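Colleague: I am attaching a structure below and will ask some questions about it afterwards.
Read-outs throughout are calculated quantities, based only on the coordinates presented, and are distinct from any laboratory measurement. Because the structure is predicted, anything quoted here is derived from the model rather than measured. Neighbour counts are summed over all protein chains in view; Cβ atoms, including those assigned to glycine, are modelled from backbone coordinates with ideal geometry.
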Amino acid sequence: MNELGLVSGYLEQGEAEPPQMGFRKMFRLALKTWPYMRPMLKHLLVIGAFGISGGLVGLVTVFVGTDLWTNKVLVGEKLQPFQATVLFVDDEYVTGDPQKLGKELAPSAGQGQSIEAGLTQHQRKTVRNRLIIWGIVGSVLTALIGMFAWYYTTWIWQRINQNLRVAMTERVESLSLKYHDNHRVGDAMFRVFQDSAQIVNLLQAGIISPLLTIYGLIIGLFFVAAFDPLFSLLLVLVGIPIGWLAVVTTPRIRQRSLANRQANSELTSRSQEVFSAMKIVKANHAEGRVWKRFDADSRRALNAAYFLRLDMVLVTLVVSLLGGGMVILTEFMMVNWVIEERETFLGALVATFIGFVVWNYGAFSIARVRVAGALYGVSGLLGIWMRMQDLFIALERAFFLLDMEPDVKDPANPVAFPTPINRVTWESVSFGYNANKRIFNSVNLESNAGSVTAVVGTTGSGKSTLMSMLLRIYDPDEGRVCVNGLDLRDMAIDDIRVNTAIVLQKNVLFADTVANNIKFGTPFADRTAIEDAARVACADDFIAQMAEGYDAELGERGGKLSAGQRQRLSIARAIVRNTPILILDEPTASLDARTEQQVLANLSEWGAGKVIFLITHRLSTIRNADQIAFLENGRIKELGQHDELMARDGGRYRAFVNAEIFGNAAGEDLE
Amino acid sequence: MQQVKTLSEVNNKSSILGEVFGRNRFDDRVDQKTDVTTVESLRIIGRCIKMLMSVKGLFCAKFLMQLGLVFPALLLPWIAKIVVDNAVLQRPVGGTEVVFPPFMNPILTLIEGKDPVGIMLSLTTIYFVMLITIGSRATSRGTSAGLLQGREASSQSENTISQGSSSGNGLWGIAEFMIHVRMTQTIANNLRTLLFDRLTRLPMTALDDQRIGDSIYRVLHDAPEAPEIAYQLTLGPFFAVLGVVINLYILEYSFGKVSPELVWIAWAAIPMAFLTTFPFSGALRRTNQNKRAAGSAMTNAMEESMSNVAAVQSLGAGKQEQKRFAEKSEESFLRERYNLGVLIAIISLASAVFGVAAIYVSIIISDRIIEGAMSPGDFAVLLGVYGGIAGSFSYFGILWIKLQDRIAAVRRVFFFLDFESEYDRLGGTSLERIEKGVQFKDVNFSYPGGHQALGNIDLELHVGELVALVGPTGAGKTSLAYLIPSLLTPTSGQILIDGHDIMDLDITSLRQQITYVFQEHVLLSESIRENLLFANPQASEVNILEALTSAGCMEFIDALDDGIDTVLGRSGDTLSVGQQQRLSIARGLVRKSSVLILDEPTAALDPATENQLVASLQAAASDRLVIVIAHRLSTIRSADRIVFLDEGKVREVGSHDTLMAKTDGAYREFVAMQSVK
């Protein structure tokens, strides 16, 4: 980290392909942001109008003000008629011949030894005082408007960023688990927080700033041309190598910018993963090792940031030397023209307002600022261009998420989820996470209202996946999953999920209160409903023992509860939703036998008229089911009641049960 | 709905003032402070400055580079004056009462006797030399490379560390820029890795309360503010003071006779700068704390729902979670704006004060010029000199203001650096290997909330045994097991490992000898091999395959395209839960430690796999202590001894047969429940 890495850093970096990012793509990306800006259009127009009118007023004010301060107050020339009107001074102050004014009168100006007498000391002070009053009025106004505009623009951009962020999280959360299986949480977080933030710069830096600079340049070209056309020529000449430099260096900047964002995104992922796996880290005494990896990632991110910026600074160096050289050169020329008293190119045209007919101190002051401004503008354009690359790389990463189409989509005209439901069926369902690897092959299963179906099978046989199709977490590749004979794919996802409750195998709790965790999927459940559900799940006992009862905080990921307690809260969460379909995935694995029996008894009483599925290994749970589906190698091998299946000689289910009861020896016929 | 509100509850919602400046409660459970006193601020600043010790070389280089730019910068306004007075206005050199400062003598000698064109030629040459070396007039600003950033603190932290700065340009500017970036990056890296380390070593009880998103926010977005404090409070003031001194000297030397008022106005600016900004610093600090806490809360919301997306989707809670995130995000933006509002107010006030001073100075200067005591070119010089002085003073005023944001951030970092951590238990007796076993002597344990989990535990566990911890849910089995690797520490009583009190042992060596396989199996998003190497970096290929086979993983690993090099998805979601469980058991087995604790290892396994696993556990118990927490009879039965727990007490200890022999035994009843036919 201490080394400046001029050589080594350049050797090790920069083999990767630069990201593809043409003008057309940048344009497309910019267009995509429109829906998020659209709601704020009114405000954007208001602030835009503010900016443009303010800019114009400011430009004129600065011209007149500079002329007044330098030529009139400091040097002592007489005023232009327009200036006298603005300052409310009488005709004594006004020059007799505006066209001649502006010639430097004599080396010792201010002493009144001129062709036309200048202002007296008293008059100069009057002019100055009035100018200062105008200045105060102007700056107070500008300050007030400026402060307001600062807050206002911040508000506008935050809203636009908020729109984009919310849309992104909405999309990420609705993406299928296939996406989530293959992407890191930290990456999505980085995209939502960091990459999306660049939308606020799009108008400013991506559109307004370049346009304004170009506009300023064109105006500047004409303006300096008014002083002398040679300046315009110089500006154009300087522009050529700068443009060339931009073309040559852009791919490299893009590549480094992408590398920087990726490195920082990985750092975020790494931290997130370590912080959420802290127990494992501790138990494996791996603090030192995760630290080393974090340190390496952190350095990599910082190096990426450093080299991106170093590139930018080096490119800027060339440009700024060129621009700076021109500024000094033009200044030299101008001074010479002042000495020669050369006429300005178009000065006579504006003589009513400003006294720049010939090159003089005022003309020099203002032309110097303008020429420098135009030159700095050209080189600044390159800086903006480089930052724009970073901006578009970021937007591309943000829109990557938004452009991702969820696998599971709502139909155009969804049918309503049927009530009451009679039966749930899987009809020749085939599915695989990868196209070439099937988990199921034409699975058929039917379950009727008022029955409990136990889904049994070896670990990894796809029990959970089969059930998740009922929620349209995945859609089948072939075949269909139906409720009352209606294909789930014809229904809206939200509608299905409102009518189906599941207790996941991994008990997910949130860092919130007991009550809020129970009503997680049912925000409007009242306290009675919550307490009833807790009672069915046998969770009311331990909740009552907690000091704050239902308002007790559970800690990160529910860390303060035992696994059995977490499991019961998850069951209560499903019960409170009171849906016609209930799926319990290993609901009792962490419960002791007594509690398990109690929960199951409560459930069967509560679940009359509902379709209930149980995934489980525990015999005591399985035995009481109305039907048992034994899943193996992607098919339902056996289906029936416990006694029925146990009666089958050489039955797979029978072998499965025997392994549980008698241990190793009997289980061997499974192999 | 009322409950949802408590999360982002605002205590002082009664008034707008309370809302903006109040001590608000966000999502944090461990660090709930939202206020910093001035004394604390000073202490935080002190600690930041100490961090400079780690970058001594870069710091000195930066100092020298910056110092090198001070004197050339002084020349520029005087050269500009000569351009105006002696070239543009063609007046004779030295025509007014204003005296050139001594450092201008070489240039004055150079232009002596030259006509305006000659003077301009000399000056242009000087300009060019300065342009190439230190980049004077190359751009209107110095060298720095900030990227575009968002409207919120978290999207600005990357720039804070890496944008660098130099007041110069040209080659000098680039060199100084490089040194500066490396300096701030090194400090930030040191601090954030230190914080990361401390966070991973928080005691378990604190970890339950520490939000993951908050940790991320502190490491990635709060820590980067420290280098700026260190830098701004050392080099910054030095150069500001230097600037003031030099400019005051010039003012006195060159303009003192002409216009003494100018000198005292400059002096008066010092107290003004402080008086206008200091009273607001408390408000600014608090709004900053709030803004960062709100940012953390938003990160929490996002992290939590992203990590548990399966639960969110299957519970149909997508809309609700989006709303929650939208609210947190909105709150975070709002807090940012409150902070901005306060900042705008302070800046307005400060600029008003400085504006009045500037007007007064302009009047004095123009009076002198009109009277002929000064020349128009002096206006440029004085503008430069006053720019220097005002710049330095407003620097001091703004410095304190700007520091408030950073102090607020760095306080959040130091909070966890100072938090009690397991580091405090390094360096005790080192444990080579556990030979005999673990002994509990009248151990009690209560959670911080006061809930007693374990009471009067007396128990001896020996190496060579397979022990099953059995009991109803919530009986304290997991708490008891957590005590052994010191994931929790007893409230009273003693735990002896091979006769040593656990509190006297070096915690690293202790955990080295104890492996814990958790109920909630978290796998890392890496390859299967790396997941095992994570537990034991020294494991050979053979060890890894052995462990995987014992845990019954090979059958599904063989079906994977990349075998043990398959990279697991986010938190291992591409595997079924049962498969994940087996992998995390394999991760426990590969460690070869003297004590192996498995918390419900077989819950999600089918019977055949379970039997196979139990057999490997029995084999493993020959030379170590294996502790299994289980509900499944088939697992429990194979243990050498069974410890039956209920309501935090040990009820019965013995083998399956002995305990079953007891009529009325608690264990017997427990077993009966499960095997009802």
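Colleague: Which residue, B:Q163, B:L191, B:L207, has the largest displacement toward the positive end of the dipole of segment B:129-213 when charges sit on each Cβ (Lys, Arg +1; Asp, Glu -1)?
Modeller: Toward the positive end, the furthest listed residue is B:Q163.
Colleague: Counting other beta carbons within 10 Å of each Cβ, put B:D405, A:D512, A:D494 in order, fewest first.
Modeller: Fewest-to-most ranking of B:D405, A:D512, A:D494: A:D494, A:D512, B:D405.
Colleague: Just to be sure I understand: of the beta bridges DSSP finds with both ends in segment A:535-650, what percent are antiparallel, rounded to 5?
Modeller: Working: 5 of 10 bridges.
Just about 50 percent of them are antiparallel.
Colleague: OK, next. Projected onto the charge dipole of segment B:508-573 (+1 at Lys/Arg Cβ, -1 at Asp/Glu Cβ, origin at the Cα centre), which of B:Y516, B:I528, B:A551 gives the Cα projection farthest towards the positive end?
Modeller: B:Y516
Colleague: Using amide H atoms built 1.01 Å from N in the peptide plane, name the residues 5+ places from A:H183, or on other chains, whose amide H lies under 5 Å from its own.
Modeller: The list, which skips near neighbours in sequence, is B:R570.
Colleague: Let me ask you something else. Arrange the following residues from fewest to most other Cβ atoms within 10 Å of their Cβ: A:W359, A:W291.
Modeller: On the way: A:W359 27, A:W291 18.
The most exposed by this proxy come first: A:W291, A:W359.
Colleague: State to the nearest 20 debye the size of the charge dipole of the protein assembly as shown about its Cα centre, where the only charges are +1 on K and R beta carbons and -1 on D and E beta carbons.
Modeller: Using Cβ point charges on Lys, Arg, Asp and Glu, the protein assembly as shown gives about 2620 debye.
Colleague: Sorting A:T169, B:T429 on the 10 Å Cβ count, fewest up front, what's the list?
Modeller: Listing A:T169, B:T429 from fewest to most nearby Cβ atoms yields B:T429, A:T169.
Colleague: Determine the dipole magnitude for segment B:2-418: charges of +1 sit on the beta-carbon of Lys and Arg, -1 on that of Asp and Glu, nothing else is charged, the reference point is the Cα centre, and the result goes in debye to the nearest 20.
Modeller: Computed charge dipole of segment B:2-418: roughly 720 debye.
Colleague: Then there's this: I want to check the label-to-label distance for B:D504 and A:L237. Put each point 7 Å from Cα in the C-beta direction and report it in nm to one decimal.
Modeller: Each label point lies 7 Å from its Cα, and together they span 8.7 nm.
Colleague: For labels at A:R594 and B:C60 in the simple 7 Å Cα→Cβ model, what's the distance in nm?
Modeller: 7.4
Colleague: Apply 1/(1 + (r/R0)^6) to the Cβ-Cβ distance of A:R130 and B:A268, taking R0 = 30 Å, and write down the FRET efficiency to the nearest 0.05. Intermediate results must be reported in sequence, preceding the final value.
Modeller: Values: r = 27 Å, r/R0 = 0.89.
After rounding, the FRET efficiency stands at 0.65.
Colleague: Also: Cα centroid distance between segment B:73-100 and segment A:250-287, in Å?
Modeller: Each part's Cα centre sits 57 Å from the other's.
Colleague: Could you work out the helix-only [θ] at 222 nm for the protein assembly as shown, with each DSSP H run of four or more residues adding -39,500 (n - 2.57) and the total divided by the number of residues, to the nearest 500 deg cm²/dmol?
Modeller: -18000 deg cm²/dmol
Colleague: Explain nothing, just compute: Karplus ³J(HN,Hα) = 6.51 cos²θ - 1.76 cosθ + 1.60, θ = phi - 60°, for every residue of segment B:211-223 in order, whole Hz, x for Gly and Pro.
Modeller: Result, ordered by residue: 6, 5, x, 5, 4, 4, 4, 5, 5, 8, 10, 8, 4 Hz.
Colleague: Determine the gain in length on full extension of the stretch B:D623-B:T37; use 0.36 nm per residue of separation and subtract their C-alpha separation, reporting nm with one decimal. Write down the numbers at each step before the final one.
Modeller: Values: separation 586, 0.36 × 586 = 210.96 nm, distance 5.75 nm.
Net length gain for the segment: 205.2 nm.
Colleague: Also, I was wondering about something else. With the Cα gyration tensor of segment A:511-578 giving a ≥ b ≥ c as the square roots of its eigenvalues, does the rule (a/c under 1.5 for rounded; else a/b larger than b/c for prolate; else oblate) give rounded, prolate or oblate? Don't skip to the end; give the middle numbers.
Modeller: Working: a/c = 1.43, a/b = 1.33, b/c = 1.08.
Rounded shape, in that the Cα axes give a/c under 1.5.
Colleague: Hey, another quick one. Please work out the FRET efficiency for the pair A:A492 and B:A661, using the Cβ-Cβ distance as r and a Förster radius of 60 Å; give the result to the nearest 0.05.
Modeller: My answer for the efficiency is 0.50.
Colleague: Calculate the FRET efficiency for A:I219 and A:F27 from the Cβ-Cβ distance with a Förster distance of 35 Å, rounded to the nearest 0.05.
Modeller: The value I calculate is 0.90.
Colleague: In addition: Determine ³J(HN,Hα), in whole Hz, for all residues of segment B:505-514 in sequence, where each value follows from phi through the Karplus function 6.51 cos²θ - 1.76 cosθ + 1.60 and θ = phi - 60°; x replaces Gly and Pro.
Modeller: 8, 5, 5, 5, 5, 5, 6, 4, 8, 10
Colleague: A further question follows. Can you list residues from other chains, or at least 5 along the same chain, whose modelled amide H is less than 5 Å from the amide H of B:D646?
Modeller: HN-HN under 5 Å from B:D646: B:R651.
Colleague: Pop a pseudo-label 7 angstrom from the Cα along the beta-carbon direction at both A:R423 and A:D649 and give the gap in nm to one decimal.
Modeller: Placing both labels 7 Å beyond Cα along the Cβ direction yields 3.3 nm.
Colleague: Please enumerate, by chain and number, the lysines with C-alpha under 28 Å from the C-alpha of B:K62, excluding those fewer than 8 residues away in the same chain.
Modeller: B:K50, B:K402
Colleague: Something else: Using modelled amide H (1.01 Å from N, peptide plane; none on Pro or chain starts), what sits under 5 Å from the amide H of B:I434, excluding residues fewer than 5 places away?
Modeller: Long-range HN contacts for B:I434: B:S594.
Colleague: Would you mind telling me the antiparallel percentage of the DSSP bridges in chain B, rounded to 5?
Modeller: The antiparallel fraction comes to roughly 55 percent.
Colleague: Continuing with the same structure: What list of ³J(HN,Hα) couplings, whole Hz, do you get for segment B:666-671 from phi and the Karplus terms 6.51, -1.76, 1.60, once you set θ to phi - 60° and write x for glycine and proline?
Modeller: Values per residue, Gly and Pro as x: 5, 5, 4, 4, 4, 5 Hz.
Colleague: Put +1 on the Cβ of every Lys and Arg and -1 on every Asp and Glu Cβ in the protein assembly as shown; which of A:N129, A:P241, A:V224 then has its Cα farthest towards the positive end of the dipole?
Modeller: It is A:N129, whose Cα lies furthest towards the positive end.
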